[in-house]
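Enquirer: Supplied in structure tokens, the structure appears directly below.
What follows draws every value from the coordinates through simple rules; no lab data is involved. Nothing here was measured: the structure is a model prediction, and the numbers come from that model. Neighbour counts run over all protein chains shown; Cβ positions are idealised from the backbone, glycine included.
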Amino acid sequence: MSGRPILATRGLVKRFGGVAAVDGVDLDVAAGEIRCLIGPNGAGKSTLFKCLTHQHQPTSGHVLFEGRDLQGLATHHIARLGIAIKNQIPSVYANLDARENIRIAALRRRLAKRELDRVVDLVLAEIGFDSRLASQPAVTLSHAHRQWCELGMLLASDPRLALLDEPTSGMTREEMLRTVDIIKRLNTRATVIVVEHDLEFIARLAQRVTVLHRGKVLVEDTMDKIEANETVRDIYLGRKKETIHAER
């Protein structure tokens, strides 16, 4: 990695009572990268994400974004710096249609109306929403379409860093593959960090993988080397490795 990372953590700790869900994590993510975080249930992945945006206040340690220490900043201030998070459960305006959801996300960019309309149309095309889907209330969309609508909201907001927590949860394989394409489009504009369990998804997307175990970084490497790591296979991958190769 060359130059200053866009995101770094130093000695990051989050305790709940006597339990350290995140335990001294040092992480460096380069600008323009797609990084995937994997690990068994309870490894601290989602807690780490929420510490990055101060949805959970870290117990100790530091989060640095473009060299700036985020300590003491509220979640909405962090969002204004250009960090966007998509949590596992889609967060859309249920009674508004997809177009209006995406328009609201784009408003933070303070664009002129003509440019705002152009951005909204472009994003709808990027997530594959035709006029029927665009005008459909979000509450009536399928699970996958709500996920894509929220990814469209991320695209429209034009973040510098996008944090995606299990964006393919509950999807079919075909829907997962479509989500890979959308995230690759997002990555042309933003650095992306993804928490995921779907190993085929990770193999198709990640440039580098960080494995968490018991709140600590176990190993970081390419997916091929992660798959070959005996310790990782023992604690997490197991037979899933053969499944990845069978499905590619």
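Enquirer: Out of the stretch 128-192, which trypsin sites (Lys or Arg not before Pro) are coil in DSSP terms and have no more than 16 other C-beta atoms within 10 Å?
Expert: Numbers: sites: Arg132, Arg146, Arg160, Arg173, Arg178, Lys184, Arg185, Arg189; in loops: Arg160, Arg189.
For trypsin sites (Lys or Arg not before Pro) across the stretch 128-192 that sit outside H, G, I, E and B with at most 16 neighbouring Cβ atoms in 10 Å, the list reads Arg160, Arg189.
Enquirer: Then there is this: With an 8 Å cut-off on Cα pairs and a minimum separation of 6 or more residues, tell me the relative contact order of the stretch 91-158 in percent. Numbers along the way, then the final one.
Expert: Numbers: 79 pairs, mean separation 36.4, N = 68.
Relative contact order for the stretch 91-158 comes out at 54 percent.
Enquirer: If R0 is 22 Å, what FRET efficiency do you get for Leu122 and Ala74 from their C-beta distance, rounded to 0.05? Spell out each step's value before the answer.
Expert: Details: r = 31 Å, r/R0 = 1.41.
With a Förster radius of 22 Å, E is 0.10.
Enquirer: Hey, with R₀ at 35 Å, roughly what FRET efficiency would Gln55 and Arg114 work out to, going by the Cβ-Cβ distance, to 0.05?
Expert: Once the sixth-power term is evaluated, E becomes 0.50.
Enquirer: In addition: Please work out the C-alpha center-to-center distance from the stretch 101-126 to the stretch 5-27 and express it in whole Å.
Expert: 36
Enquirer: In the chain, how many lysine pairs have Cα atoms under 20 Å apart, counting only pairs 8 or more places apart or on different chains?
Expert: So the count works out to 12.
Enquirer: OK, next. Kirkwood hydrodynamic radius, the chain, all distinct C-alpha pairs: what's the number in Å?
Expert: It works out to 18.7 Å.
Enquirer: Using the Karplus curve 6.51 cos²θ - 1.76 cosθ + 1.60 with θ = phi - 60°, work out ³J(HN,Hα) for each residue of the stretch 143-148 in order, rounded to whole Hz, and write x for Gly and Pro.
Expert: In residue order, the calculated couplings are 4, 4, 5, 5, 4, 5 Hz.
Enquirer: Quick one: Karplus J couplings for the stretch 167-175, per residue in order, coefficients 6.51, -1.76, 1.60, θ = phi - 60°, nearest Hz, x for Gly and Pro?
Expert: Along the stretch 167-175, the couplings run x, 9, 4, x, 9, 6, 5, 4, 5 Hz.
Enquirer: Where does the stretch 83-228 land on Rg(C-alpha)/(2.2 N^0.38 Å)? Walk me through the numbers before you get to the answer.
Expert: Working: Rg = 15.9 Å, N = 146, 2.2 N^0.38 = 14.6 Å.
The reported ratio for this selection is 1.09.
Enquirer: What's the percent breakdown of Cα-Cα distances in the stretch 91-158 across 5 Å bins, shortest bin first?
Expert: 4, 21, 36, 24, 12, 3, 0
Enquirer: In a shell of Cβ-Cβ distance under 13 Å around Ala206, excluding Ala206 itself, what net charge do Lys and Arg (+1) and Asp and Glu (-1) give?
Expert: Net local charge, Ala206 excluded: -3.
Enquirer: Something else about it: Within the stretch 31-100, report the GluC sites (Glu not before Pro) that DSSP leaves as loop and that have at most 15 other Cβ atoms within 10 Å. Could the numbers behind the result be given before it?
Expert: Details: sites: Glu33, Glu66, Glu100; in loops: Glu33, Glu66.
Answer by residue number: Glu66.
Enquirer: Further question on the same structure: What do you get for the angle between helix 98-107 and the principal long axis of the chain? Use alpha-carbon atoms, 0 to 90 degrees, nearest ten.
Expert: Helix 98-107 sits roughly 80 degrees off the main axis of the chain.
Enquirer: Place a point 7 Å from the Cα of Arg214 along the Cα-to-Cβ direction; which residues of the stretch 25-47 have their backbone N under 19 Å from it?
Expert: Label zone hits: 25-26, 38-47.
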